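The values are calculated or read from the model by the stated rules, or taken from the named source; none is laboratory data. Here the structure is a predicted model, which means the values were calculated and not measured. All Cβ positions, even for glycine, are placed from backbone atoms using ideal geometry, and neighbour counts span all protein chains on display.
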Amino acid sequence: MASSVTATKSPWNIWSECGTLAHTGCFGSFAVGFVVDFDATNNILRVTMHGHITDSVALRCAETVGKCAASYREYRGIGDLSNGTKYDVSPETIRLLARTPPDRSPEAYSLVVVAPKEHPYGMSRMFQLLSEMTRPNQHVVRTMDEAFELLQVKSPTFVPVDLSNMS
């Protein structure tokens, strides 16, 4: 599916063509395997992925983060893959996501991906390398402590983001 899509099409439009979001209506979570929360003190939007991470989960996550980003000015991001039990995001989806222009100016936005396991770490590095021209402030680390150190965060306090109006 993803290989036939042009570079200008956003992942959330692609997901809309495939189906609708399976929304649970809870604070901060979807049935698709991720939770979004925000630390207002340090201005960090964090996405924590759980369980089996697939192409569709990655695309839904990108859509949700895109919608959440509109509510937060100049935030920094953490993508946490630590709780993934299986990682089946294809190289085609990684390429698609890397080709998608960021919604923020590259200089104003930092993203740290936490990927302790080998395969997700390698795929996150692939994303980083493919998008380094449009996302120069992206890092891939093994632990949340490393992410906090990179972002110079001492005492984060994350609060769930209400995703009930994001579908």
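Just give me the residues in segment 70-110 being surrounded by fewer than 18 Cβ atoms within 10 Å (Cβ to Cβ), more than 21 Å from F148 (Cβ to Cβ) and of a type in the set (A, V, I, L, M, F, W, C), in sequence order.
Residue satisfying the conditions is A70 alone.
When you go through (1) at pLDDT below 90; (2) touching a Ser or Thr at 6+ places or on another chain (Cβ under 8 Å) one by one for S71, which number turns out not to apply?
Result: S71 fails condition (2) only.
Just checking, which of T8, T64 is of a type in the set (V, I, T), surrounded by 14 or more Cβ atoms within 10 Å (Cβ to Cβ) and modelled with pLDDT under 90?
One residue alone meets the criteria, T64.
In a loop (DSSP other than H, G, I, E, B) and either surrounded by fewer than 19 Cβ atoms within 10 Å (Cβ to Cβ) or under 11 Å from the mean Cα position of the chain (by Cα) (or both): is that true of Y121 in this structure?
No: the conditions fail for Y121.
So, in segment 99-109, of the ones that are in a loop (DSSP other than H, G, I, E, B) and in contact with a helix residue (DSSP H, G or I) (Cβ under 8 Å, 6 or more places away or on another chain), which residue ends up modelled with the highest pLDDT?
T100
Taking only segment 72-106 into account, find how many residues are closer than 14 Å to V47 by Cβ and touching a residue at least 60 places away in the same chain (Cβ under 8 Å).
5
Can you tell me how many residues within segment 127-156 are out of contact with any Lys or Arg (no Cβ under 8 Å at 6 or more places or on another chain) and assigned to a helix (DSSP H, G or I)?
Residues meeting the conditions: 8.
Closer than 21 Å to E63 by Cα and loosely packed, with under 15 Cβ neighbours inside 10 Å - does that describe any residue in segment 138-158?
Checking segment 138-158: not a single residue is closer than 21 Å to E63 by Cα and loosely packed, with under 15 Cβ neighbours inside 10 Å.
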